[in-house]
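Worksheet: the structure to be examined is printed underneath.
The values are calculated or read from the model by the stated rules, or taken from the named source; none is laboratory data. These numbers come from a predicted model, not from an experiment. Heads up, the Cβs are rebuilt from the backbone with ideal geometry, glycines too, and the neighbour counts pull from every protein chain shown.
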Amino acid sequence: MDFKLVRTGILIVLLCALTILLVVLGSNGMLGKKQQSTDAVQTTADTQETAAQPLDYSAWMADETFFDEEKLGDGKYEVAEEKFATFKVSSVDKDLRIVVMDDKGELISGRKFKVSVAGLGDYTDDDRDGMVFIEDVRPGDYSVSLGSVMGYTVPEKPASVTVKASIEYKAIADISYLIKTEADIDAEAEDSAVSDAGEETTGNSGIKTVEGAVFGIDVSKYNGEIDWERVKDEGVKYAIVRCGYRGSVTGAIVEDPYFRANMEGAIRAGVPVGVYFFTQAVDEREAVEEASAVMSLIHEYKITYPVFIDSESAGGNGRADALGVKDRSKVLQAFCETIRSGGYTAGIYASKNWFNKKLDVSKLSADNVTWLAEYADKPSYGGTYQLWQYSSAGRIPGIEGRVDMNISYLDVSGSDKATDNKDKNKDKSNTDKDKEDSEDGQDNGRDM
């Protein structure tokens with residue numbers, strides 16, 4: 001075969017194959033352009049259809065995978081609960097106090113709300129503490145309405161209140177909003193009672209045995225945690241527990257942080273209890289507040305001994321230290337009258353010096369139980385008394401450190417509250433104290 005003819009044939013075959021390849025590639029390009037054109041037409045149609053329908057902005061709520069579960073829990077949408085505000089109106093002495101609270105009974109602070117008093121006008125809570133106080137209100141009936149409070153639904157119905165021509169010694173209902181804890185205040189500055197019951201006398205820090213009298217103690221936060229079972233076993237027959245105090249700087253009413261533990265521990269151990277409250281009230285209205293707060297704190301407990309108001313100095317700079325004899329006596333009497341209106345026996349705690357120089361005993365009711373503080377082997381106070389605090393340096397196993405020691409001449413048998421039958425109580429005066437046997441008993445205390 002001629003070699004030249006073979007080479008020509010091969011060349012022809014290659015040219016045919018190349019032609020076929022070019023035809024195939026050209027066909028694919030046209031098809032791609034046609035497909036792109038078709039896709040573009042479809043996209044335009046979809047866009048026009050979407051634009052023709054309203055957007056559903058809440059569609060994301062149905063997507064359970066929208067949220068990051070690690071950051072937002074299960075990713076479910078929660079609707080905030082509606083919050084409601086309530087308000088209460090009270091009057092003690094030609095005044096009006098309006099308090100605004102949430103549905104948990106806590107003051108709503110940080111909001112500048114407005115109240116309207118029919119016949120008086122509008123008042124705002126400028127300091128945003130949740131309260132509006134109006135003084136020098138003429139006697140009569142008033143209707144009070146609450147304006148809007150940001151973030152809360154307020155009641156539409158107004159509240160009614162009567163302002164009396166003279167002070168009434170009755171408990172203010174639901175006064176828990178006024179009672180603070182020590183976490184809310186500067187306790188070191190506010191809790192500043194200073195006793196002037198006299199210098200401690202050697203030998204009077206043990207349990208005193210007196211015929212016709214009963215030995216007991218009084219306690220507060222300063223005594224710390226108490227082993228009440230051991231205290232009872234050591235011969236303690238009763239305890240007067242501090243339930244709280246009014247701050248000597250701001251006037252805040254504060255619950256003693258150990259009040260509940262002491263009440264529950266003593267009662268559980270079978271030790272009868274009474275209570276006391278350190279006052280810094282500057283007028284009768286504040287005394288009624290203090291008494292109302294005390295009854296709010298003690299209402300769930302069995303009270304066997306009296307409810308006392310503790311009247312003593314706050315170091316000379318307390319808000320009530322400068323009160324005169326007349327005004328201070330009014331304060332104590334207002335407290336006691338209010339306590340009695342709640343069915344309790346009321347009493348006054350003070351030192352010999354306080355009774356003699358800071359109070360007008362003749363203006364105090366004979367229904368008040370007198371609790372005398374005089375640190376001596378024998379009292380020299382010339383008036384009558386039913387309890388005697390004879391030492392603040394006592395030692396009782398079950399209590400770490402010093403504790404106040406008392407003897408009582410009260411008969412409190414058979415009562416759920418302290419008996420108010422004065423005929424059952426022995427009054428001690430300077431004359432009959434000379435006749436009593438006040439020999440010190442054996443000192444059962446020891447250093448802790």
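Out of 261, 281, 269, 322, report the one residue that is in the same structural domain as residue 408 (by TED's automatic domain parsing) and surrounded by 19 or more Cβ atoms within 10 Å (Cβ to Cβ). Write out each step before concluding.
On the way: 261 fails: surrounded by 19 or more Cβ atoms within 10 Å (Cβ to Cβ); 269 fails: surrounded by 19 or more Cβ atoms within 10 Å (Cβ to Cβ); 322 fails: surrounded by 19 or more Cβ atoms within 10 Å (Cβ to Cβ).
Criteria check complete, one pass: 281.
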| Right, residue 329: farther than 27 Å from residue 168 by Cβ and outside any loop (DSSP other than H, G, I, E, B) or not? | no
| remark: Listed by first then second residue, the pairs whose first member lies in the stretch 355-372 and is among the basic types (Lys, Arg), whose partner is modelled with pLDDT of 95 or more, with beta carbons under 7 Å and at least 6 positions apart or on separate chains, are 358/325; 358/328; 363/329; 363/333
| task | Look at residue 303 and say whether it is closer than 25 Å to residue 185 by Cβ and in contact (Cβ under 8 Å) with a residue 40 or more places away in the chain. | result | no
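If I filter the stretch 357-366 for residues that are closer than 21 Å to residue 245 by Cα and at pLDDT 95 or above, do I get at least one hit? Reasoning before the result, please.
In the first step, residues of the stretch 357-366 are kept if they are closer than 21 Å to residue 245 by Cα; the result is 358-359.
Those still in the list that are at pLDDT 95 or above too: 358-359.
Within the stretch 357-366 (the criterion being closer than 21 Å to residue 245 by Cα and at pLDDT 95 or above), the answer is yes, since at least one residue qualifies.
Give 126, 136, 186, 174 a once-over and let me know the one that is at pLDDT 95 or above and loosely packed, with under 15 Cβ neighbours inside 10 Å. Write out each step before concluding.
Values: 126 fails: at pLDDT 95 or above; 136 fails: at pLDDT 95 or above; 174 fails: at pLDDT 95 or above.
On inspection, the qualifying residue turns out to be 186.
Regarding residue 249, is this residue in contact (Cβ under 8 Å) with a residue 24 or more places away in the chain and either under 20 Å from residue 400 (Cβ atoms) or crowded, with 20+ Cβ neighbours inside 10 Å (or both)? Can you show your working first?
Working: in contact (Cβ under 8 Å) with a residue 24 or more places away in the chain: yes; either under 20 Å from residue 400 (Cβ atoms) or crowded, with 20+ Cβ neighbours inside 10 Å (or both): no.
So residue 249 does not fit the description; no.
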| Number of positions in the stretch 203-234 that are surrounded by fewer than 16 Cβ atoms within 10 Å (Cβ to Cβ), modelled with pLDDT of 95 or more and not basic (Lys, Arg) | 5
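Listed here are the residues, each with its yes/no results for (1) buried (at least 19 other Cβ atoms within 10 Å of the Cβ); (2) assigned by TED's automatic domain parsing to the domain that holds residue 231; (3) of a type in the set (A, V, I, L, M, F, W, C); (4) in a loop (DSSP other than H, G, I, E, B).
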site	(1), (2), (3), (4)
354	yes, yes, yes, no
357	no, yes, no, no
362	no, yes, no, no
366	no, yes, yes, yes
375	yes, yes, no, yes
382	no, yes, no, yes
388	yes, yes, yes, no
391	yes, yes, no, no
396	yes, yes, yes, yes
